[in-house]
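The values are calculated or read from the model by the stated rules, or taken from the named source; none is laboratory data. Remember, it's a predicted structure, so these values are computed and weren't measured experimentally. As a convention, Cβ positions derive from the backbone with ideal geometry for all residues, glycine included, and neighbour counts pool all protein chains shown.
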Amino acid sequence: MYGTMIMKTRPLTAAEIAALQSNGCTSPDWQRISVSPDFDPRWVERTRFTGDVVLGSFTGEFTFPGGATAHSGISDAWIHNCTIGDGVLISGVGNYIAGYDIGSGCQIANVDRIFCDGLSTFGNNAPVSVLNETGGREVPLVDNLSASLAYVIAMYRHRPGLIAHLQNMIARYADGIASDRGTIGPGVRIVDTGTIRNVRIGEGTIIDNAARLDNGSINSNPSAPVYIGDNVIAHDFIVSSGAEISDGATLKHCFVGQSCRVSGGFFAHDSLMFSNCDFACGEACAIFAGPFTVSQHKSSLLIAGMFSFLNAGSGSNQSNHMYKLGPIHQGVVERGSKTTSDSFVLWPARVGAFSLVMGRHDQHSDTSDMPFSYLIEQNNETWLVPGVNLRSVGTIRDAQKWPRRDRRVDPHRLDMINYNLLSPFTVGKMMRARGILHNLQAVSGETSSVYYYQNTRIKGDSLRRALGYYDIAIRKFMGNSIIKRLEGTRFASIGQVRERLRPTEPAGRGEWIDLSGLFIPKDALEELFTAIESGGITTLGPIEEFFRDMHSRYYDMEWTWVYDVWESVYGVRLGKITAAEIIEAVKGWQEAVIGLDEMLYDDARKEFSLSAMTGFGIDGTEGDKRLDFEEVRGEFETNSFVEAVKRHIVDKRALGDELIERMGAIL
């Protein structure tokens, strides 16, 4: 991506100097210019050379949109202390290019200044005041930063020794890449651009009509080039491979992850944006945007919050300022949540995974142990509807679309992303939610009309339904796991079954954490922290390898967790389970899967109701309305999602029947 240019060179000949002068070129000392053995002075015109300059051979042509062509070379420029590779085209430099190594095949045209000003780390180790605008959770920028590492640095301030070690690792990395020369990698195109100062520019980058880029790294490569377009301003930044920043976006103290898109005048400061985020038109201040965070509306503000897999509605807003001690408050919205239009949350608050936030909320609630819920404002109070999002067709659709929308093409992926809707992380929370809801019933009575939990209110009917929703989802997950574990094998005895069920992965028991996309057992993370704090790990590379290893071992660790908690759900230990008990569990799984699919089916039908047809068949009859709707949206039974749900019911019933048949053979 970056590196020192090594070129075989020679001094200019007297004839070449004369030819350059004849072409309008000047230099106070021609002896400080060296050139490639194949250098041809014909392709250098009206250029001023100062300092030590190395010129490659100017062979080959560039073809531009519309069919225009130009031969490589230099014209109308001032080059100071630069190395310029082979086949480069430089023209129309308003001021100068200074202190840069420019790779082969680059095009630089109609720019103002490109220069390296003193010793620079190119954005590395620049602090980002994420979550708390006043400081305290700063994450230093660093090349190849992952969401998981950033999560640890931002959120584990209760372990100051750990944070100090991580900060020192980043500082040492930054010192190691510090240089007083900038780099423009091979095949870069920079046109119609203002000032570029202290920026390392990776291979294949396109910078088209940017306004100002200052102190940063653009980590582009040929498999996943970076595009930076019209009127972009960036200061103290790192941009990862495959990212696109365009249309007047402004970034200050920001990390942009792989294949992110930032456009439409979006403004962000002190924010971290990881893989596949999509931001347009609005504003972000001090946010931790985990993978697939999306905000695309002009009136939306994300501020001082941690998000991932978020879809922010128009006018979504939060406040980190209660007008007392300043903007010191923060919030956490766990993965997969949505905010509706004009929603508002007053930090501090925490929203559980896969939740929907509707209306204004200023009660500082914590629903992190109530995933798949609705938070609804009514009479200035926050009402919690636990578990109801499990039956939403939108939730399932989101879970299906994220893997399809992963735009990363770089073979080296920075963020480890687990897309599973049900996991030890979410199911563990649902198991805690059941215990909390039962406890609320025990304290307030099973027939109470309203329950109070973490500054929210829960209607009695909502609580009782939530117990059913959570039970269905838990049994679906547990059944999925045991069926997967036993698939494809004929067993001669229950002993063989029990042996197959025995975990092969020691890690996985206990609480799990979502490290901004990566599901990981808390105990395993603790082992990493101990190794860092003891000095056993001293560089960033082993940490990222640890995250990759955890991601690759997910399903084995998941099964270890299931094995450990099975008894708490079914009342029997898997080490002593019988074939009949497996059959009973599989039948319960079939009921859970089919029951949940039927809820999704009914929820999808609402999108095809008469009320959904409002505005269709304009100026026509009721028949025209339905016909117009079907021409645009299709028929309910032939909708691709509806068909997928129906197939899912058939497939899962058959899958369960097949295991029941195999277990029946050893009864």
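The residue list N215, N231, N198, N209 contains one member that is closer than 19 Å to Q296 by Cα and either in contact (Cβ under 8 Å) with a residue 12 or more places away in the chain or assigned by TED's automatic domain parsing to the domain that holds N95 (or both), which is N231. Looking only at the range 608-661, filter to residues that are assigned to a loop (DSSP other than H, G, I, E, B) and modelled with pLDDT under 70; which one of those is farthest from S392 (Cα to Cα)? Step by step, filter the range 608-661, then rank; the result is L610. Scanning the range 242-272 for residues that are among the aromatic types (F, W, Y) and assigned to a strand (DSSP E or B) yields F255, F267. Tallying residues that are within 16 Å of G123 (Cα to Cα), among the hydroxyl-bearing types (S, T, Y) and within 26 Å of the chain's Cα centre (by Cα) within the range 155-203 yields 1. Of everything in the range 496-525 that is on the phi > 0 side of the Ramachandran plot and buried (at least 19 other Cβ atoms within 10 Å of the Cβ), the residue that is farthest from the chain's Cα centre (by Cα) is G508. Of all residues in the range 300-351, those satisfying the criterion of being in contact with a Leu (Cβ under 9 Å, 6 or more places away or on another chain), surrounded by 24 or more Cβ atoms within 10 Å (Cβ to Cβ) and part of a loop (DSSP other than H, G, I, E, B) are A304, L310, S316, Q330, R335, G336, S337.
Among the candidates S246, S241, S263, the residue that is buried (at least 23 other Cβ atoms within 10 Å of the Cβ), modelled with pLDDT of 95 or more, over 12 Å from the mean Cα position of the chain (by Cα) and not aliphatic (A, V, I, L, M) is uniquely S241. Do we have any residue at all in the range 4-24 that's surrounded by fewer than 18 Cβ atoms within 10 Å (Cβ to Cβ), within 17 Å of I97 (Cβ to Cβ), without any contact (Cβ under 8 Å) to a residue 24 or more places away in the chain and among the hydroxyl-bearing types (S, T, Y)? No, every residue in the range 4-24 fails to be surrounded by fewer than 18 Cβ atoms within 10 Å (Cβ to Cβ), within 17 Å of I97 (Cβ to Cβ), without any contact (Cβ under 8 Å) to a residue 24 or more places away in the chain and among the hydroxyl-bearing types (S, T, Y).
Restricted to the range 377-495, the set of helices (runs of 4 or more DSSP H) holding at least 1 residues that are under 19 Å from F309 (Cα atoms) and within 33 Å of the chain's Cα centre (by Cα) comprises 393-404, 424-444. Among the residues of the range 313-322, are any touching a residue at least 60 places away in the same chain (Cβ under 8 Å) and on the phi > 0 side of the Ramachandran plot? No, the conditions are met nowhere in the range 313-322.
Taking the range 502-540 only, how many residues are basic (K, R) and in contact (Cβ under 8 Å) with a residue 60 or more places away in the chain? Lay out the reasoning, then the answer.
First, the residues of the range 502-540 that are basic (K, R): 502, 509, 522.
Then keep just the ones that are in contact (Cβ under 8 Å) with a residue 60 or more places away in the chain; that gives 502.
Qualifying residue count for the region: 1.
Consider S552 carefully, then state whether it is free of Cβ contacts under 8 Å to residues at least 24 places away in the same chain and surrounded by fewer than 16 Cβ atoms within 10 Å (Cβ to Cβ). Criteria met by S552.
Of all residues being at pLDDT below 95 and in a loop (DSSP other than H, G, I, E, B) in the range 59-83, which is nearest to W30 (Cα to Cα)? Just the residue, please. Checked the range 59-83; the qualifying residue nearest to W30 (Cα to Cα) is T59.
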